[in-house]
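Structure record follows, encoded as structure tokens.
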Amino acid sequence: MKAAVVGASAGLGRALAERLAEAGHELVLVARDSRDLEAVACDLRIRFATSVRWLEADLAVPDAAGLRARIKDKLGRVDALFLVAGLGDDTDHGPMEEAALERVIAVNYTSPVAIANAFLPDLMDGSLSHLVGIGSVAAMRARSRNMVYGSAKRGLEFYFEALRHRLSAYPCRIQLYRVGFMDTSMLPGRGGPLAASPDSIARAILARLGGPGGVAYLPRWWRLVAILLGVTPWRLFIRFKG
Amino acid sequence: MSAPVARTFHSLGFGESARGRWLVPDRLRFLDALPGVPGIPRGAGLSLAGAGFGEDVLALDMRRFDRILAFDPGAGTITVEAGITLGKLFRFLAPRGWQIAAQPGHPDITVGGCIAGNVHGKNPLAHGCFGRWVLELDLIHPDHGRLVLSADERADLLELTIGGFGLTGVIATATILLQPMPGGRMRVEPVPVASLEAAVETLIDRQGDADQLYSWHDMATSGRRGPGLVFHGRPLNGPRSALPLASYPALNPELWALPVGVMNRPGIAVVNLAQSLRWRRPRELGAAEAAFPFARLPYYFYLYGRKGFLEHQTLVPWAAAPAYLTSLRRLFDRHGVTPGLFVMKPFGGSPGLLRFEGEGLSVALEAAGGEQARTLFTELDALDADHGGRANLIKDARLPARAVAAQYPGLDEFRRRLAAFDPRRRMRSSLSRRLEL
Ligand SMILES: Cc1cc2nc3c(=O)[nH]c(=O)nc-3n(C[C@H](O)[C@H](O)[C@H](O)COP(=O)(O)OP(=O)(O)OC[C@H]3O[C@@H](n4cnc5c(N)ncnc54)[C@H](O)[C@@H]3O)c2cc1C
Ligand SMILES: NC(=O)c1ccc[n+]([C@@H]2O[C@H](COP(=O)([O-])OP(=O)(O)OC[C@H]3O[C@@H](n4cnc5c(N)ncnc54)[C@H](OP(=O)(O)O)[C@@H]3O)[C@@H](O)[C@H]2O)c1
């Protein structure tokens, strides 16, 4: 298989790239810093003797068509596309600076949507079989923390559901995961014992590749939290701050 | 990029603790502009001294920089980022017929920790310490930027950094000379010995052809003669089978220590009995099990409880060893302390600065933490000095500066060279403050 991972130099994206390389797949890694990308690519090439290339791109400055062309230039055909890059912001309980707000929306929403849109022809002609997006449990129920981030992730889910509807007659799989807290540098020290290792999430995503489409929780137990949050009366819910 | 988190750090065994900040960077741009505040690089935090943290110090956890950057099977060298663990390296190297020569006993230990602590493996006599195998380093310092260190370039700084306890800056990458892996399995013969002295003789006799050679003693018996076993390991010839390092439970004494320790004399007797039953006859160990005996036994450390344990390792000249062991026995009796672990090894390598290296016998012991143990260890410091011994700095959480001054002729030179390289002393740790480095 040939796979592209966007946001592959750290955290979940790096874990996914590692598991994909281990399984012998040919890879293109995308993130902003060529040095991190080259270090990850080196490691994977040496350990798993598979072809790993990389591209520098900044999702805050979207150029989805350009990115698609560059990925296809490296890989030829793409079988699986993982849109993993995401961005949180410490001031996202408002008011935020407009530039910061726009970045959060661009990286978490506009860019992944634009990239999926750019690859729509590939999904339709059967060459791209798997599109995987990464959402967040921050999109479960709107709260005073991660306001813009949560909205962007919710918007991304909506688009993925729309895409799934649009492509229901095609053989491709559209999957999106509401991922829980992970032990990465995105949430330093905040996840506590609830934080899962990015590697365990990566393994779960790959085990479900080609499985049911749509939105699912990882780790699975977050679904229970979502149900409980969903039925929590507003008067109680407004106390869940901080 | 992530923000630092405030937390309390403990050395393994709870011998030294401090409140500091913790940062786990994972992108190289972070290393371009290291914060100038007092900081200290850190690996897995498995040191028995407070070497990777300090009061109000920013601890830079390097474990996400763990990539293999180059591997040359022709020359037998590998270039890695310093946060890589010995376990990850083992999984890569073993199937390819290579190994790290001087490998300490837990797979979570990082290469950075091995270099900064200049650690030793199962056979320091034959293989020296970790530093001997380091060909080149990339060192990053907030005031000096990125520096390449090798025998040809800044050799003096390389010397200071090997066994430099992270005080010269962050080791970003290292090129290491590898050792061919002789075979997949190792045959370990337990040779029963009646006393510490008998073990010393056996260790000397068998020095010639051992890949692993160390002794283990039961000091809970009355009279404390120290009956025990000399472990003599030799690689088995035969096909070099790739033996994987199976997954192992995490070692996290901070999380799992029993509320009350059970490593008192009866408890130790039970642990020792289990050990001697396990070793009634020679055993064949897989390469992973031979390399990382502690990987499957983290529970052992939890037995000491929240009060933890103190460790002490001394390198005594061979000639002084018998007298040293006799006095040691008397010390245990006088203070009513029974060491939970007592291990001896023939040692080698070349001493210098603050390195725990050189010809002689290494005597390592572990005792349940508390007042008694601390008093005993204070007397141990004097005993070491009297016998020309030197204590291992990375393994003793309470070793005072004056003990090091009495034992290490290189102390002043270490201080002078460190101050010359880094007059603002950007790197600090509990260890560096305790030893006034
Ligand atoms: C079960 C067990 C068995 C052991 N067996 C042995 C043994 O057989 N022989 C032996 O010699 N030791 C042994 N040790 C001790 C251990 O090898 C050392 O304490 C080692 O330094 C721990 O490495 P670490 O990655 O945990 O580093 P840490 O404990 O986090 O740090 C150790 C030192 O290394 C420095 N450091 C870490 N990373 C870097 C970096 N990237 N750049 C610069 N400095 C850095 C830190 O500042 C600190 O001074 C053992 C420890 C355990 C827990
Ligand atoms: N961590 C959590 O607890 C958590 C919880 C729920 C959901 N999630 C989601 O899970 C996904 C992965 O998160 P993570 O924790 O693994 O993040 P991470 O560790 O911060 O890694 C993010 C990756 O994306 C890249 N990236 C970031 N901004 C980019 C940009 N503008 N353009 C291109 N690449 C960019 C990063 O590299 P560069 O910075 O070099 O570009 C890096 O490779 C994200 O979508 C996140 O929202 C995370």
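The values are calculated or read from the model by the stated rules, or taken from the named source; none is laboratory data. Quick caveat: nothing in here was measured; it's all calculated off a predicted structure. Reconstructed Cβ throughout: ideal geometry from the backbone, glycine too, with neighbour counts over all protein chains shown. These area figures cover heavy atoms from the full protein model, side chains too; ligands, DNA and RNA do not enter into them. Shrake-Rupley method; radii C 1.70, N 1.55, O 1.52, S 1.80 Å.
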Quiz item: Roughly how much of A:M147 is accessible, in Å² to the nearest 10, using a 1.4 Å probe?
Solution: 80
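How big is Rg to Rh over the stretch B:185-399, alpha-carbon atoms, Rh as the Kirkwood inverse-mean-distance radius? Intermediate results must be reported in sequence, preceding the final value.
Working: Rg = 17.4 Å, Rh = 18.2 Å.
Ratio of gyration radius to Kirkwood radius for the stretch B:185-399: 0.96.
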Quiz item: Hey, if you put +1 on the Cβ of every Lys and Arg and -1 on every Asp and Glu Cβ in chain A, which of A:L236, A:L44, A:A10 ends up farthest toward the positive end of that dipole?
Solution: A:L236
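Can you pull the percent of chain B's accessible area that's carbon plus sulfur, 1.4 Å probe, other chains left in place? Could you put the intermediate results ahead of the total?
Values: 9000 of 16580 Å².
After summing per-atom areas, the C and S share lands at 54 percent.
Could you work out the Kirkwood radius for chain A, taking every pair of different alpha carbons, averaging 1/r and inverting it, reported in Å?
Working: mean 1/r = 0.0548 Å⁻¹.
So the Kirkwood estimate lands at 18.2 Å.
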Practice problem: State the volume of the convex hull built on the alpha-carbon positions of the stretch A:67-194, expressed per residue in Å³ and rounded to an integer. | Solution: 119
Self-check item: Base-10 log of normalised Debye intensity for the protein assembly as shown (one unit scatterer per alpha-carbon) at q = 0.07, 0.10, 0.11 Å⁻¹
Solution: -0.53, -0.99, -1.14
Quiz item: Can you give the average number of partner chain beta-carbon atoms within 10 Å of each beta-carbon in peptide B:26-37, as a whole number?
Solution: 3
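Rank A:I105, B:I176 by accessible area, highest first, at a 1.4 Å probe radius? Intermediate results must be reported in sequence, preceding the final value.
Values: A:I105 60, B:I176 0 Å².
Ranked from most to least accessible, the order is A:I105, B:I176.
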Exercise. Enter the accessible area of A:W221 (Å², nearest 10), with the probe set to 1.4 Å and all protein chains included.
Key: 110
Exercise. With a bin width of 10 angstrom, please list the P(r) values of the stretch B:155-228 as percents of all Cα-Cα pairs, from the 0 bin to the one holding the largest distance.
Key: 14, 27, 19, 28, 12, 0
Quiz item: Please state the relative contact order of chain B as a whole percent: Cα pairs under 8 Å, 6+ residues apart?
Solution: 18
Quiz item: Going by a 1.4 Å probe on protein heavy atoms, which residues of the stretch A:42-75 end up with at least 10 Å² less accessible surface in the whole assembly than in their chain alone?
Solution: A:C42, A:D43, A:I46, A:R47
Exercise. Could you let me know the centre-to-centre spacing of the stretch B:380-437 and the stretch A:33-72, using Cα atoms, in angstrom?
Key: 46
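How far, in nm, would the chain grow between A:E22 and A:S127 when pulled straight, counting 0.36 nm per residue and subtracting the alpha carbon separation?
Values: separation 105, 0.36 × 105 = 37.80 nm, distance 2.26 nm.
Full extension from A:E22 to A:S127 adds 35.5 nm.
State, in square angstrom and to the nearest 100, the accessible area buried between chains B and A, both chains counted, probe radius 1.4 Å. Can you show the working numbers first?
On the way: alone 17400 and 11840 Å², together 27520 Å².
About 1700 Å² of accessible surface is lost on pairing.
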Quiz item: Could you work out Rg/(2.2 N^0.38 Å) for the stretch B:276-425, with Rg from alpha carbons only?
Solution: 1.18
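Could I get the Rg over Rh figure for chain B? Both from C-alpha atoms, Rh via Kirkwood, rounded to two places. Each step should come with its number before you reach the end.
On the way: Rg = 20.7 Å, Rh = 22.0 Å.
Expressed as Rg/Rh, it is 0.94.
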Quiz item: Considering the zone a paramagnetic label at A:T91 would reach in this model (a point 7 Å from Cα along the Cα-to-Cβ line), which residues of the stretch B:1-45 have amide N under 20 Å from it?
Solution: B:1-4
Quiz item: Using a ≥ b ≥ c from the Cα gyration tensor of the stretch B:111-209 (square roots of the eigenvalues), is it rounded, prolate or oblate, where a/c under 1.5 gives rounded and otherwise the larger of a/b and b/c decides, a/b for prolate?
Solution: prolate
Exercise. Just report the Cα centroid separation between the stretch A:106-171 and the stretch B:325-346, whole Å.
Key: 65
Quiz item: When all protein chains stay in place, what accessible area (Å², nearest 10, 1.4 Å probe) is found for A:S168?
Solution: 90
Quiz item: When ranked by the protection proxy of mean other Cβ atoms within 10 Å per residue, highest first, what sequence do the peptides B:322-333, B:15-26, B:398-409 form?
Solution: B:15-26, B:398-409, B:322-333
